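Heads up: the structure comes next, in structure tokens.
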Amino acid sequence: MFIPDYEPSMINNYGRWQSVDLHVHSIYSGASLTPLEILNSAGAAFLDAVAISDHNEVRGAIEGQIITGSTVGLPVVLSSQEVSAGEHCHFLLVGSTRAQADVNRSKLPEVLQKHRETGGVVILAHPWTTFKNNWFRGLCRELIAGSLLDGMELCNASVLELPRSVVALVRKLWEEWVIPNRLAVVGGSDYHYRNKERKIGLGRTYLKVYEPGEKGLLDALRNRRCVAGLFGGPEIDFPGVMVGGNFYLGQEPWWGELQDLINVLRYRVAQRERFDSRAICFLLQLIAAGHFQAVADLLV
């Protein structure tokens, strides 16, 4: 086994893997949690960051950033919003600073261009709701050709609640769109309400960052340094990426590098003679649940 000679918990030349839920709704778009409650839930899920992505609204994200500015230990808040171009065609505008109204298809490229010019990132949300439409496949080709689409949210937690036929479509999107076009693959819980099984962090994105805060996270997204995952759901057939009841999607070199980190953590847990069996079991459970950086920090 290859064991890199570095501490993965540190932000250094090797970077640091941070986990983020890129799709969480707050009370500002009809969901049940306040920004503070979102931050507490995200922290309990060992997330490094959370994107509050309300519908056509950034007040929740801004409020979350104010809270993190005065409270130590909470996850980083990415300002984001979800906008619609009709017919279930939704985009996450990560790095938004002003609320954006829904747009029609003819105006969409202009809106996305302006967002990217200000340093924002564009992610197609839950794409299986849209790709059944011929018009959208043509639009998506146009957006990719114009460098207006950064990634697809293939690991939106709602896929776990949908028919197996949708899972087949996710695989097709991965193979025919994400891989050949070198798009980022991202994940999010799409959390709305307490009374559902969906939890913050059920779908998440792992980003390889080289500097702290929102700037480092956005840079990782723009440069496709990411792996996406779903956790705690039923087994889904993705050859080569299954990990028990969880799965991950990512392109090289980041897929392989994250796997190296997982192997390093398992190796280091097994080598810690001072740990009793219960501590080892707990740390291995954290690794299995996808809390890699949390374990790395505990091992320092």
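The values are calculated or read from the model by the stated rules, or taken from the named source; none is laboratory data. For clarity, every value in this text was computed on a predicted model and none was experimentally measured. Using ideal geometry, Cβ is built from the backbone for each residue, glycine included, and neighbour counts are taken over all protein chains shown.
Scanning segment 109-162 for residues that are more than 20 Å from VAL24 (Cβ to Cβ) and among the charged types (D, E, K, R) gives GLU110, LYS114, ARG116, GLU117, LYS132, ARG137, ARG141, GLU142. Tell me, which residue of segment 111-131 that is free of Cβ contacts under 8 Å to residues at least 24 places away in the same chain and not β-branched (Val, Ile, Thr) is surrounded by the fewest Cβ atoms within 10 Å (Cβ to Cβ)? Filtering segment 111-131 for residues that are free of Cβ contacts under 8 Å to residues at least 24 places away in the same chain and not β-branched (Val, Ile, Thr), the one surrounded by the fewest Cβ atoms within 10 Å (Cβ to Cβ) comes out as GLU117. Checked against the criteria, PRO163 counts as under 25 Å from LEU230 (Cβ atoms) and out of contact with any strand residue (DSSP E or B) (no Cβ under 7 Å at 6 or more places or on another chain). When the criteria are applied in full, ALA61 fails the requirement of being modelled with pLDDT of 90 or more, over 26 Å from LEU258 (Cβ atoms), aliphatic (A, V, I, L, M) and part of a loop (DSSP other than H, G, I, E, B).
Residues in segment 126-151 that are in a loop (DSSP other than H, G, I, E, B) and more than 24 Å from GLY95 (Cα to Cα): PHE131, LYS132, ASN133. Considering the conditions (1) under 16 Å from GLU214 (Cα atoms); (2) of a type in the set (Val, Ile, Thr); (3) surrounded by fewer than 21 Cβ atoms within 10 Å (Cβ to Cβ), VAL76 is excluded by exactly one of them, (3). Each residue in segment 184-238 was checked for being assigned to a loop (DSSP other than H, G, I, E, B) and either at pLDDT 90 or above or touching a Ser or Thr at 6+ places or on another chain (Cβ under 9 Å) (or both), and 16 pass. The residue list SER41, SER70, SER84, SER32 contains one member that is hydroxyl-bearing (Ser, Thr, Tyr) and under 18 Å from the mean Cα position of the chain (by Cα), which is SER41. Of all residues being among the acidic types (Asp, Glu) and modelled with pLDDT under 90 in segment 1-56, which is nearest to PHE91 (Cα to Cα)? Just the residue, please. Filtering segment 1-56 for residues that are among the acidic types (Asp, Glu) and modelled with pLDDT under 90, the one nearest to PHE91 (Cα to Cα) comes out as GLU7.
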